[in-house]
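S.K.: The structure follows.
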Amino acid sequence: MRTTTAEAPIRAVATRTLADLPGPRGVPVFGNLLQVDRSCIHRSVEAWAAEYGPYFRFRIGDRRFVAVGDHAALAALLRDRPDGVRRGAKLAAIWKELGLEDGVFIAEGEAWRRQRRMVMAGFDPAHVRDYMPSLLTVTERLRRRWAGAAARGEAIDLQPDLMRFTVDAIAGLAFGADVNTLESDDEIIQQHLDKIFPALFNRVMAPLPVWRWFRSPADRRLEQSVAAVKVAIGEFIAAARGRLAADPALRARPRNLLEAMLVASDGEADGAPTEDGAVAGNVVTMLLAGEDTTANTLAWMLYLMARHPATLARAVDEVRTAFPDGELIPDRINALDYVEACAHETMRLKPVAPFIGLQLLRDTVVGDVAMPAGTVVWGMMRRDSVDNQHFPDATEFRPERWLADGGPAQAASTAKRVSMPFGAGPRVCPGRYLALLEMKMFMAMLLARFDVLGVDTEDGGEAREQLQFTMSPVGLRLRLRERVFA
C-alpha cells in the first residue's frame with residue numbers, strides 16, 4: 001500500500017500494518033508494565049529491540065506504543081512536525097495540569113511557530129556571544145566551590161553541583177538574573193526545579209492518575225515547588241520589562257535571552273504581541289531543559305573521560321595549551337575541537353533523551369509500516385547510534401571519530417543522520433549552540449585548573465542509567481586536586 005494523502009511528506013511503501021508487528025507478550029490489564037522498571041524503562045525497550053527489531057509493539061497499562069528504532073524513519077517523523085506529528089498528548093495534558101504555561105517544548109501548530117520565532121531571536125549567535133561574561137562569572141564561582149572541596153580533600157557529589165552550575169548559568173544567560181545557587185545554602189530555585197521533571201515523567205508513565213484522586217505529601221510539595229518557580233519567573237519577566245522601559249537602547253541590543261524574547265514578542269509582524277504567559281512558558285522550559293540536559297551530559301562526559309585515561313589526557317593537553325596560565329579567554333573556547341568531540345561522543349552513547357514520544361496526526365507510512373492517525377510512537381533515539389552498522393566499534397567511547405574529515409563540525413554534520421541528541425527537523429533544540437558553549441566553558445575551567453583524580457560510583461562499578469525525564473548517572477562522586485600556578 002502506498003501513501004495517498006497528498007500532503008504526507010514521508011514517501012514510502014507499506015508492506016505491514018500494526019497488526020503484523022511483533023512484540024513482547026503482556027498480561028491482561030497491565031500489558032508489559034510488570035516487565036519493566038520505570039526508572040530505566042528505556043533499557044527494557046532497547047532490549048526488546050534487540051529481540052524484535054526496529055519496529056514492534058508494547059503496552060503499558062492501557063497505553064499502546066509502537067517502538068521505532070530506525071534513525072532514517074525517526075528523522076522523517078521529526079521533519080514532519082508540527083503538522084503531521086506532535087508530542088504525545090498526555091505530556092501536554094500533564095504539563096498544563098501542573099499549572100505550567102506552554103513554551104516551544106509543549107506548544108503545537110501555529111502557537112509553536114509563533115513562539116519559535118520569539119525564542120530563536122534570543123539564541124542568535126551574536127546574542128549568545130554577548131552572554132559570555134555572565135557565563136565566565138558562574139564558571140569562576142564553580143571553580144571556587146570546587147577549590148574549597150579539593151583543599152579539604154572532599155569528594156564532590158557531582159550532579160547536584162552541576163545542576164547548580166547550569167541553573168546559575170541559564171538564569172544569568174537567559175534572564176539576566178544572578179540567582180547564585182553555587183554560593184548559597186538557603187532555599188534555592190534549583191531545589192524546586194529538581195522536583196518538576198521527575199514528577200512530569202512519573203505522571204506521564206503512570207498507568208493510573210492516582211494523584212487526581214489522592215494527593216500525597218509529595219504531590220503537595222510538588223505544587224509548592226511549581227508555585228515557587230512561577231513566582232520566580234514572574235519576577236524575572238517583570239525585572240526584564242523594567243530594564244527595557246528604563247533603557248530603550250536595550251531593544252536594539254538585548255543583554256540576555258529574556259530581553260530578546262520580550263523585544264521579539266512585542267514586535268510580532270501581525271501587530272499582536274505575544275502574551276507574557278507564552279514568555280513565561282519558555283522561561284520555565286529554558287530553566288528545566290537548560291538545567292537537566294546540560295548537567296547530565298557533563299556528568300556522563302566526565303564519567304566516560306575518567307574511564308578512558310588517554311582520552312582525558314588528550315583533552316587536558318588541548319585545554320592547557322589553549323589556557324596555559326589557567327585563565328579562561330573567551331575567544332579561545334571555540335578552538336577546543338577535541339573537547340567538543342568528547343561532548344558529541346558522550347551524547348551519542350549517553351543521550352539524556354534516549355527516547356522521544358510522538359503522536360501521529362494523520363495516516364502515515366513509517367519505514368514500511370502503515371500507521372493510522374493517533375498512533376503513539378516510542379522513538380528509540382539511541383538504537384542505531386550504538387549499532388556497528390553505523391559506527392565502527394559502536395559501543396566504544398572514541399571521540400576521535402568526530403574529528404575525521406575536517407573537524408567536529410563536518411563530522412557532526414555527517415553523523416547527525418544517525419546520532420540526533422538535539423532532535424532533528426523544524427523542532428531541533430534551539431539551545432544546542434549555547435549548550436555546547438556551556439559544556440566547553442565548563443571543561444576548560446575544570447581541566448585548566450584541576451587534576452581529575454577520579455569519577456566513581458559509590459560501589460566502584462558501572463554508573464547506572466536512571467530515567468527521570470532525562471537520563472542521568474546515579475551517584476557519581478568527583479575527586480579533584482587543584483593545580484598550583486607560579
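S.K.: (1) modelled with pLDDT of 95 or more; (2) surrounded by fewer than 23 Cβ atoms within 10 Å (Cβ to Cβ): which one isn't true of M380, the others all being true?
M.R.: It is condition (2) that M380 fails.
S.K.: Here is a list of conditions, (1) more than 25 Å from R332 (Cα to Cα); (2) without any contact (Cβ under 8 Å) to a residue 60 or more places away in the chain; (3) over 22 Å from the mean Cα position of the chain (by Cα), and V474 meets all of them except one; can you say which number that is?
M.R.: Here V474 meets the rest and fails (3).
S.K.: Additional query: Could you identify the single residue in D102, D80 that is buried (at least 18 other Cβ atoms within 10 Å of the Cβ), acidic (D, E) and under 21 Å from M205 (Cα atoms)? Full working, then the answer.
M.R.: Values: D80 fails: under 21 Å from M205 (Cα atoms).
Of the residues listed, the single one that is buried (at least 18 other Cβ atoms within 10 Å of the Cβ), acidic (D, E) and under 21 Å from M205 (Cα atoms) is D102.
S.K.: What pairs come out if I take residues in segment 385-397 that are under 18 Å from P309 (Cα atoms) and pair them with residues that are of a type outside the set (S, T, N, Q) whose C-beta lies under 7 Å away, six or more apart or interchain?
M.R.: From residues that are under 18 Å from P309 (Cα atoms), the pairs are T395/V386; F397/L304; F397/H308; F397/E345; F397/L349.
S.K.: Read through the list (1) surrounded by fewer than 17 Cβ atoms within 10 Å (Cβ to Cβ); (2) within 16 Å of V119 (Cα to Cα), then give the number of the only condition that P217 fails.
M.R.: (2) is the only condition that P217 fails.
S.K.: If I filter segment 47-96 down to residues being in contact with a helix residue (DSSP H, G or I) (Cβ under 8 Å, 6 or more places away or on another chain) and of a type in the set (D, E), which single residue comes out as modelled with the lowest pLDDT?
M.R.: Going through the qualifying residues, I end up with D83.
S.K.: Here's a follow-up. Name the one entry in E396, E345 that is surrounded by fewer than 20 Cβ atoms within 10 Å (Cβ to Cβ), modelled with pLDDT of 95 or more and either on the phi < 0 side of the Ramachandran plot or outside any loop (DSSP other than H, G, I, E, B) (or both). Step through it out loud before you land on a result.
M.R.: On the way: E345 fails: surrounded by fewer than 20 Cβ atoms within 10 Å (Cβ to Cβ).
Among E396, E345, only E396 is surrounded by fewer than 20 Cβ atoms within 10 Å (Cβ to Cβ), modelled with pLDDT of 95 or more and either on the phi < 0 side of the Ramachandran plot or outside any loop (DSSP other than H, G, I, E, B) (or both).
S.K.: Kindly indicate whether A252 is of a type in the set (A, V, I, L, M), surrounded by fewer than 17 Cβ atoms within 10 Å (Cβ to Cβ), under 27 Å from E438 (Cβ atoms) and out of contact with any Leu (no Cβ under 7 Å at 6 or more places or on another chain). Working first, answer last.
M.R.: Details: of a type in the set (A, V, I, L, M): yes; surrounded by fewer than 17 Cβ atoms within 10 Å (Cβ to Cβ): yes; under 27 Å from E438 (Cβ atoms): yes; out of contact with any Leu (no Cβ under 7 Å at 6 or more places or on another chain): yes.
Taking the combined requirement at face value, the residue satisfies it.
S.K.: For the list (1) among the polar types (S, T, N, Q); (2) surrounded by 21 or more Cβ atoms within 10 Å (Cβ to Cβ); (3) under 23 Å from L91 (Cα atoms), I need the number of the one condition that S385 fails.
M.R.: Here S385 meets the rest and fails (3).
S.K.: Here's a follow-up. Tell me, which strands (runs of 3 or more DSSP E) lie completely within segment 442-486 with 2 or more residues that are surrounded by fewer than 18 Cβ atoms within 10 Å (Cβ to Cβ)? Can you show your working first?
M.R.: Values: elements: 450-456, 465-468, 470-473, 477-482.
Where strands (runs of 3 or more DSSP E) fall fully within segment 442-486 and carry at least 2 residues being surrounded by fewer than 18 Cβ atoms within 10 Å (Cβ to Cβ), they are 450-456, 465-468, 477-482.
S.K.: Considering each of R212, R221 in turn, give the residue that is out of contact with any helix residue (DSSP H, G or I) (no Cβ under 8 Å at 6 or more places or on another chain), under 29 Å from R63 (Cβ atoms) and of a type in the set (D, E, K, R). Lay out the reasoning, then the answer.
M.R.: Working: R221 fails: out of contact with any helix residue (DSSP H, G or I) (no Cβ under 8 Å at 6 or more places or on another chain).
Exactly one residue qualifies, and that residue is R212.
S.K.: Looking only at segment 155-179, filter to residues that are over 18 Å from Y303 (Cα atoms) and charged (D, E, K, R); which one of those is surrounded by the most Cβ atoms within 10 Å (Cβ to Cβ)? Explain how you work it out, then say what you get.
M.R.: The first filter runs over segment 155-179 and keeps only residues over 18 Å from Y303 (Cα atoms), leaving 164, 167-179.
Narrowing further to those that are charged (D, E, K, R): 164, 168, 178.
Details: R164: 25, D168: 29, D178: 11.
For segment 155-179, the residue satisfying everything is D168.
S.K.: Moving on to the next point. Out of segment 37-75, which residues are on the phi < 0 side of the Ramachandran plot and in a loop (DSSP other than H, G, I, E, B)? So that I can check it myself, show each step before the final result.
M.R.: Let us first name the residues in segment 37-75 that are on the phi < 0 side of the Ramachandran plot, namely 37-52, 54-60, 62-75.
Correct list: D37, P54, D62, G69, D70.
The values are calculated or read from the model by the stated rules, or taken from the named source; none is laboratory data. Note that this is a predicted model, so its numbers are computed, not measured. Counting neighbours? That spans all protein chains shown, and the Cβs are built from the backbone with ideal geometry, glycine included.
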